[in-house]
1. Say the dipole of the chain comes from +1 at the beta carbon of Lys and Arg and -1 at that of Asp and Glu; which of Asn322, Val57, Gly627 then lies farthest toward its positive end?
2. Taking 0.36 nm per residue of separation and subtracting the Cα-Cα distance, what length does fully extending Ile473 through Thr358 add?
3. What is the angle, in °, between the Cα long axis of helix 272-285 and the longest principal axis of the Cα atoms in the chain? Nearest 10 is fine, range 0 to 90.
4. Treating the angle as unsigned and between 0 and 90°, give the value, to the nearest 10°, between the Cα long axis of helix 294-304 and the longest Cα principal axis of the chain.
5. Quick check: pseudo-label points 7 Å beyond the Cα along Cα→Cβ at Phe1022 and Leu714, how many nm apart are they?
6. So which GluC sites (Glu not before Pro) in the stretch 447-548 pass both tests, a DSSP loop state and at most 10 other Cβ atoms within 10 Å of the Cβ?
7. What distance in nm lies between label points placed 7 Å from Cα along the C-beta direction at Tyr625 and Gln63?
8. Which whole-Hz ³J(HN,Hα) couplings does the stretch 930-944 yield from phi under the Karplus relation 6.51 cos²θ - 1.76 cosθ + 1.60, θ = phi - 60°, glycine and proline marked x?
Amino acid sequence: MIRQLFTVSSMIMALGMTPSLAYGGVTHIQETNQSKNGQCTGTIIDPTGEPVIGATVTVKGKQGGTITDLDGKFLLTDVQHGATICISYIGFEPVEMVWKGGAINVTMKEDNKTLNEVVVVGYGTQKKVNVTGAVSMVNKDVLENRPVTSVTQALQGEVPGLNLSVSNSGGSLDGSMNINIRGTGTLDSGSNSSPLVLVDGVEGDLTNINPNDVESISVLKDAASSSIYGSRAAFGVILVTTKNGNKGKVNVSYSGNVRFNHGIGIPEMANSVEYAKMMNAAQINGGGQAHFSDAQIQKMQDYMDGKLQYPTERNPNSNTWNCWDASYANTNWFDVYYKDWATSQEHNLSLNGGNDKTQWYISGNFMGQNGLLNVGKDRLNRYTLKGKITTELAKWAKVTYNTSWTRQDFERPSYMNGLFFHNVARKFPTQPVTDPNGHYISENEMEQMENGGIQTKNKDFFTNQLVFVFEPIKDWHINVEGTLRVYNNWEHWDVLPVFYYDCDNNAIPMPWSMGSSDYAAGQTRVNEYVYKENYYATNIYSDYSHSFGDHNFKIMGGFNAEKYAVRNISGQKDGLYTPSLPYLSTGSAADQVSGHPDEMAVAGFFGRLNYNYADKYMLEANIRYDGSSRFVGGKRWGTFPSFSGGWNIAREKFFEKISDATTITNLKLRGSWGELGNTRLKSWHPTYSSLGVGTKYGWIVGGALPNWASNPGLVSASLGWETIRSWNVGLDFGLLNNRLTGSFEYFVRSTLDMVGPAPELSSVLGTDVPAENNCDMKSYGFEFQIGWRDNIKDFKYGVNFNISDAQQEVTSYPNESKYLDKYYKGRKLGDIWGYTTIGIAQTDEEMKAHLAKVNQSALGSNWGAGDIMYADLDGDGYVNSGANTLEDHGDLRIIGNDTPRFNFGLNLDAAWKGFDIRMFFQGTMKRDLWLDGIYFWGAQGGFWQSNAFKEHLDYWTPENKGAYYPRPLWDGRNRQTQTRYLQNGAYCRLKNLTFGYTLPKTITSKAGMQSVRVYMSCENVFTITSLSKIFDPENIGSLYGGSGKTYPLQSTVSFGLNVNF
């Protein structure tokens, strides 16, 4: 029942200001006596007889209009007889009527669209109002027109409890995001907790989907909603439903955009003079001599001032150009290696149509993404084709054929590996890019990036799905699904000879890998790898629904089987005959070949029973009997049940008066409990013993390198299922005629019998010890989502906010001594143990006074001004870590936790007369970070492992006593994990900002177009954070130790066009 509802905006409008636009409907229309000429008057009420305040009343085809006042009355002037009057209000069906000159009395009718909204769940759909599990859904609007390379990037922050984070590969074009639902589910010792991703019911990958093909995405978060999928769904399910064909005329849609990408979170290097002074300070503070002389530093300054033409000189001893610390350039290597802007493009074309019996959908997509590399090239091209056709074979049978193909072509320099990102971080600004003759100077890695070889990856995903649905009698459905997916991956990389030039322009071969002895000067290599995976899936299930008055039942049962068959082969050769033909057939030495097949299968029987009474009381029970080829004997099969229930209090008679007073139209309390097994172990065959074999053993026997074999590893006869047990309570609500909606969830999830570390046995065993089910962990947290949607005349707007939190605690782990460098019972994942910082000693006397009370020699020696003073928390006169156990941790304490807490997303959108705007904020409210390595500290680990960024220059000197950093030193005395340098990783980012304009139909229809929209969309617009400017709060991982040594993320500006014919 619709109540007397109004917002502040409606009240203001009703008092004579701007009119309000909403949705409405009609139960009864009555036109009474003739009104004054040109004046249309009337009254709008709801089914209870209450006036509808703020309903929009307009004349079709004319601008302007009015709204109803506090009594539901309205007045329109200058209305011609025969004009069409349009009445609308949120929560009601829209009304159009021809005005004949009299006063209009309209009774509005509720719009049941919200009540009938369905969500995709396991093996079917349900009315949203009847869902009892923890399910969230987003529609295609979230994905469309975002300048992202994958669906995962667009989903970040959109769904509470769905956590997507940047992996160690950073913003690399071939990188992927880490995904979990409701936090980490395992300790990653022998299993993982990634969610199951199903695309139209077929296991898939979010990075391979064309975002324009997606119709909706459902996220199943608790055991009750995901248990129907069995062991693969132990940590949640992401259900992607792609678009279908529609009845009617053929619809042709084109969308395209051009993008401009700019790197973010890139450090700014200090200039060469600043760098030299900081390195000298570190050298002197450690008791050594200055590394750079005053004369060298003066040359750096002269070159910066333009007084010197070249930043290097001839080395008379070697006839080469000086580089590294013997040159005096002023190079910002991040500017050299990365472009300011990289361009990309994307184009999408789709067609759909059909009639009453057959509907079809076809689409094609191309995305060409150029990377940020300024030296060498990195690029990703993605091609997709999608086709879906559904046809009615008979009144009781239909068939759907669903096919998709995705191709990814990726290319980058072979040299762009983890060592490259490590070297960029420690590359001296004094090193020139080129010598006076214009050649890349020795050892600056420009030659390797440009000419040292190419790595390519070509991936093909080809999926075919055939679905038959039979309905032999009303409401009894039989579904038979078969799927074949073929995945082919071909990778190639080569190492080609690289050269530097001496002072006489002679090319000299140099080692390919800087900082490593992997490749000698002039060495060449080619490697190729091929992987093929065939995936087969069969789903056969049937459901029947029936109602007896207000009692509604639905029962379902079925069988699922899946098989993975893979094969890989790799080959490698050295000594290419010519670098211009880097193929296996042109190699001449060091042949290496390997390859093997593998198989894995799962099968399960499942059932579900749904009951609801008058949409007030809802019950659901699921059961799954699962088997996995990973286990043997009695461990192979497991049974996993789940139960859930709901109570829609707003539908109770006793709640009607409360509803009238509070305008609550939906209030559903629900809860669930369930168990699932997890077989996502890292090994496909953990219970099978394997024998290691090889050729060319390292010892010469009989004048030759013999073949070899090793003892087979042990297996655990007791290794079996991990059990995931969870419970969830939730509350869904809607009020103000469902303009304000929301939900709240609280959950606890326990991972029991988790695969953990192998027990420690004597080395005389002679082989590896197998892992066991010996750990338990608990996850718990909450999710909250609230949204508001309303209209004010032609202005439509909406606000949606979500926030979620999840923590994990170890409840069992084989660490009886509770060493701090391992997990232990009671430890929270992400805990950071460290020392408490008193401060930086500003004088030697201050440090001596501190050391007179506290002995911190366990952390270093030769303490003085500019060094850290650590607190003696246990009062024993020493600063140390004790026995490094929970019972004796000395002066260590938990100073923070790096688990992202209170992750949030905020959507703001509005539309007015063809213009639209959307702002999406995403972030984390609480996270502690301990960042280490050269990126954070600058001076660390010795001269050749150090560098200086602008932020590092705020280091302690007698002239800069208020500095942030301590005095530079090569040793680690001041870099102990501690409170002073613990970073706040919380952030708020404007993730997306989109402006759009849809041309009036009066213009587009003349050109035969249904709609035309132009837009500008920006990604990663700005970030609010207190984190060090050296880092991006989302990109703190590393490919080579420390923090931050990875590919930068990007800010994107795109301009696009959408056209529908």
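Any read-out appearing in this document is the output of simple, stated calculations on the displayed coordinates, not a laboratory observation. None of the values given here were measured: they were computed from a predicted structure. Cβ sites come from the backbone with ideal geometry, for glycine too, and all protein chains shown count toward neighbours.
1. The Cα lying farthest towards the positive end belongs to Val57.
2. Computed gain between Ile473 and Thr358 is 39.3 nm.
3. Tilt relative to the chain: about 60 degrees.
4. 40
5. The two pseudo-label positions are separated by 6.1 nm.
6. Answer by residue number: there is no such site.
7. Spacing of the two 7 Å Cα→Cβ label points: 7.0 nm.
8. 10, 9, 9, x, 5, 4, 8, 9, x, 8, 5, x, x, 4, 7
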